[in-house]
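Accompanying notes for the structure given below.
The values are calculated or read from the model by the stated rules, or taken from the named source; none is laboratory data. Keep in mind that this is a model prediction, so the values were computed, not measured. Reconstructed Cβ throughout: ideal geometry from the backbone, glycine too, with neighbour counts over all protein chains shown. Calculation scope for accessible area: heavy atoms of the full protein, side chains included, ligands and nucleic acids excluded. Shrake-Rupley method; radii C 1.70, N 1.55, O 1.52, S 1.80 Å.
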Amino acid sequence: MTSTFKSPIGDELAAFLSFKRNRGYGSIRAEFMLRDFDRFVVSTAKSRSSWRLEEVMLAWLGRLPDRKPTTVGAELTVVREFWKYLRRLDPRRFRSEPRWPRLKTESRFVATILSPEQVRLMLRLIGRLDRPRFRRHLYRALFLVQYCAGLRFGEALRLRIRDVDLRRGTFFIAEFKGRSRWVPFHSSLTAELKQYLRARKSFVGADPRPDDRLFVGANLHRLPVETAGGTFRKLYRISGMKPAQGRVGPRPYDLRHTFVVHRLTRWYRQGVDIHSRLPWLSAYLGHVNLLGTEKYLAATPELLSLAANRFRRLYSEGKRKP
């Protein structure tokens with residue numbers, strides 16, 4: 001998309017988009033939203049001799065009735081970030097934020113927790129990818145990084161070579177949602193990443209530099225979110241876990257949920273004190289507090305069974321005490 005922005009705030013929109021890209025946010029969807037907003041501003045400026053940016057933003061968000069809250073929410077995120085960007089440039093003019101619309105906060109979407117068998121099935125399907133053969137190495141490594149380390153989908157895609165320390169077995173996650181963190185991982189993932197880096201070098205044709213992205217696509221520079229997400233959705237449909245049409249079924253992000261539930265399940269089996277370990281898990285996931293971790297604590301049948309058995313044992317021991 002090479003066309004420039006046409007509205008009176010076109011220069012600011014272009015600078016904002018460049019600013020976000022330089023920080024590693026390469027979403028094509030956000031660019032489409034900004035260009036749609038730009039066209040809306042052009043139309044408004046033609047029909048009205050005077051207008052205020054905050055009013056135009058709110059009018060753009062409410063231009064089509066009966067849209068899904070998630071769609072409006074995505075657009076709201078973009079214009080709010082643009083407003084914050086403008087406030088950094090001119091704190092006086094953009095000091096007070098507009099009264100943004102209140103969106104429904106409850107989501108009816110339930111995360112899909114993959115079973116160990118389903119994880120293995122996905123790895124087998126990834127192993128059949130071709131054209132080029134590098135794709136099987138690429139998506140195996142990406143899948144395992146999310147499943148074994150619980151990274152967010154975007155965090156995994158934004159990893160750079162300098163963020164991966166194979167000797168110490170750690171990822172460095174640059175600042176996201178106000179904080180940075182180190183994420184240790186198991187030696188088995190180290191072996192997988194070494195194999196991936198060999199395949200990456202063969203595909204790219206050169207040793208990676210520290211600032212290069214860990215995961216690369218056809219352009220040899222980065223793997224777009226849309227491309228990676230589309231590939232995972234296709235594999236989920238082939239596996240039978242996701243229907244051919246619709247939004248239901250596993251998402252790429254659900255591997256993070258799966259990581260949390262599988263970790264809790266292992267802790268239950270090991271007999272550890274779950275309550276004492278939850279702060280560890282919260283810090284590992286990059287949450288500010290335990291409230292951010294709550295939404296990941298899905299109750300699978302196996303997890304419920306393990307928790308019930310532990311409660312039964314504790315209750316039985318308590319009854320036997322004099």
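Some observations on this one:
- Note: segment 122-181, Cα convex hull, 96 Å³ per residue.
- Sparsely packed loop sites in segment 38-123 (the GluC sites (Glu not before Pro) outside DSSP H, G, I, E and B with at most 14 other Cβ atoms within 10 Å) comprise E106.
- Averaging 1/r over each pair of different alpha-carbon atoms in segment 114-256 and inverting the result gives 15.6 Å, the Kirkwood hydrodynamic radius.
- Which listed pairs, of K201/K234; K6/K242; K6/K201; K20/K46, have C-alpha distances above 32 Å, in listed order: K6/K242; K6/K201
- Taking the Kirkwood radius as Rh and the Cα radius of gyration as Rg, segment 68-194 has a ratio of Rg/Rh equal to 1.09.
- Förster radius 41 Å - calculated FRET efficiency between R39 and D165, Cβ distance, rounded to 0.05: 0.35
- Compactness check for segment 1-143: Cα Rg over 2.2 N^0.38 Å is 1.40.
- Accessible area per residue, Å², segment 8-88 with all protein chains present, probe 1.4 Å: 56 Å²
- Neighbour cut-off at most 15 other Cβ (10 Å), DSSP loop, trypsin sites (Lys or Arg not before Pro), segment 158-255: R167, R168, K177, R247
- Relative counts (whole %) of C-alpha pair distances in segment 18-66, using bins that are 5 Å wide: 5, 17, 24, 19, 16, 13, 6, 1
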